[in-house]
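Inspection log for the structure reproduced underneath, given as structure tokens.
The values are calculated or read from the model by the stated rules, or taken from the named source; none is laboratory data. Predicted model, so just to flag it, every value in this text is computed and none were measured. Positions of Cβ are generated from backbone atoms using ideal geometry, with glycine treated the same way; all protein chains shown enter the neighbour counts. For the accessible areas, the whole protein counts, side chains as well, though only heavy atoms, and no ligand, DNA or RNA atoms are used. Shrake-Rupley method; radii C 1.70, N 1.55, O 1.52, S 1.80 Å.
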Amino acid sequence: ARRLFCRNFVPRQERKLIECFLEPCGVSSEDARVISDVVSYSDFTGTYSHGLSRFLTYVRQYQSGALNPKPDIRKVCDSGAVVKYDCDHSSGLVAVNRVYESVLEKAKTYGVAIGCASHAANIGCGAYYGRRAESDGMLCIFMSNTYPAMAPFGGAERLVGTNPIVMAAPAGEKTAPILDISTSTVAIGKVTAYAREGKTMPEGWATDIDGRPTTDASIAHAVTPVGGYKGYGLAVFVDILSAVLTGTSYGAQIPFVTEMKYEDTGFALILIDVERFMPLSDFKARIDDYISMIKNSRKAVGVSEIFMPGEIENLKYTANVKDGMDISDATCLELTELAVSMGLLDKDGSLYDLCK
């Protein structure tokens, strides 16, 4: 019998597995490497909703033509510190990394730069791009619109995306703070994962088709905005900066992912060169001091440690890289079935065979 369920995966194995699925989809080896880096980073930080669980959808999008495996990602506007790209319906993971390189170069030239993009798709784990920025000595503000998964505050119809916002800052000896949040209470991928695994959702995550709260992932229609009207307001402005400004789709114009059509979303990336304000070493020392102030402050009753944004994910990454990570049984089964259908495995094969 084949070894079906997967235990103690390391990043190298997961990246190899991902690249094996992407090759028959027509994705270039360079783009496959980028996608595998982002997806594996997501899983190993514990953000499973954008790891292999979401990668299953990417493969099906390539197979159906909803993602372009050989995109012509081209610059359509270049004006000083401002650049805009048409992503030609590429993977959002590939598109963001490509645009990042251009914005980074401009930020080093002008001190601050913004890059916007149209005709993209799901951007995966936003913290990955924050990690890139902080390692390059940049302050980062990044956002993307998504297919509609959230109703306006007080509404029942899905019109607004989960619209993530990412912020990051470089640090010295401490773990760099990285904020990666959706403007919804929870990412739609987590609801999908709960439905796939038959789990009951926590209260407050989602509403049914009539706007009533539900904990049943199988009938969830819309996720709720984080902080009520405040999260809704943030999501609206992510739409404005990522989609209205870039000339790409928003709201009901974007098909739901299960329709397997072009997502046609956009994103905006702002990088700020710390060196324009003070020596990077001084800034990192100040960030370290700020982190120490927070973490050493008086704790609430029953709390053993105060964490900075992104710190828990960094701890998970370190532990998972050292000890290995398990792929959930449900995701492993789906991946195995997909691999067999694609001719990557025979009926007695296992995912381990693709990781050698």
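Miscellaneous remarks
- Pair list, Cβ under 8 Å, 6 or more apart: region 295-322 residue within 17 Å of R131 (Cα to Cα), other residue modelled with pLDDT of 95 or more and among the aromatic types (F, W, Y): K316/F44; Y317/Y41; Y317/F44; V321/F44
- Cβ-Cβ under 7 Å pairs, at least 6 apart or on other chains, region 155-179 side within 14 Å of L280 (Cα to Cα), far side assigned to a strand (DSSP E or B): A169/L139; A176/A168
- Some residue of region 194-213 being out of contact with any helix residue (DSSP H, G or I) (no Cβ under 9 Å at 6 or more places or on another chain) and in contact (Cβ under 8 Å) with a residue 60 or more places away in the chain: yes
- Residue satisfying condition, being open to solvent by 20 Å² or more (accessible area, probe 1.4 Å) and at pLDDT 95 or above, within set S242, S281: S281
- Residue within region 133-145 that is free of Cβ contacts under 8 Å to residues at least 24 places away in the same chain, over 27 Å from G233 (Cβ atoms) and not in a loop (DSSP other than H, G, I, E, B) present: no
- Neighbours by Cβ (under 6 Å, 6+ apart or cross-chain): first from region 50-73, at pLDDT below 95; second in a loop (DSSP other than H, G, I, E, B): H50/G124; H50/C125
- When D88, D43 are screened for being open to solvent by 20 Å² or more (accessible area, probe 1.4 Å) and of a type in the set (D, E, K, R), only D88 passes.
- Residue check, L159 under 24 Å from Y262 (Cβ atoms), open to solvent by 40 Å² or more (accessible area, probe 1.4 Å) and hydrophobic (A, V, I, L, M, F, W, C): yes
- Matching helices (runs of 4 or more DSSP H) fully within region 222-339 where at least 1 residues are of a type in the set (K, R) and under 30 Å from K106 (Cα atoms): 280-295
- Residue, nearest to K16 (Cα to Cα), within region 304-355, restricted to residues that are among the β-branched types (V, I, T) and surrounded by fewer than 19 Cβ atoms within 10 Å (Cβ to Cβ): V321
- Matching residues in region 46-62 - criterion: being over 13 Å from E263 (Cα atoms) and not β-branched (V, I, T): G46, Y48, S49, H50, G51, L52, S53, R54, F55, L56, R60
- Of the residues making up region 7-31, those that are open to solvent by 30 Å² or more (accessible area, probe 1.4 Å) and assigned to a loop (DSSP other than H, G, I, E, B) are R7, N8, V10, S28.
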